[in-house]
Amino acid sequence: MPTGSVQDAAVEDEATRIKRSINDAIEDELVCPISHELLVDAVTAEDGRLYEKVAIEEHIRQTRERGGGIPSFARDEPAHGLAPCPSIASTQHIE
């Protein structure tokens, strides 16, 4: 096998790894951790994470109805409260 082919394969493997890493980073930023859907009406909660507005509001409502504390999805601890506020930057990023 010519040396160029080995080098080409190594470069291709590295490019694939980088693309996968970028896709993972984008997914972490643009996908709601509750609904697992692309953020359309993104809000930032007190825990600093982005959520789909409808998903986080429904989660908060159901949790309160059960009388439980509201867990933070970003940290493994209860949040003091999740007061969603619009995330203009992420909405512009998605568009």
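The values are calculated or read from the model by the stated rules, or taken from the named source; none is laboratory data. For clarity, every value in this text was computed on a predicted model and none was experimentally measured. The area values use the complete protein model at the heavy-atom level, side chains included, leaving out ligands, DNA and RNA. Shrake-Rupley method; radii C 1.70, N 1.55, O 1.52, S 1.80 Å.
Observations on the structure shown:
- Nearest-10 value in Å² for the accessible area of ARG17, using the 1.4 Å probe: 120 Å²
- Accessible surface ranking that places the most exposed of HIS59, HIS36 first, with a 1.4 angstrom probe: HIS36, HIS59
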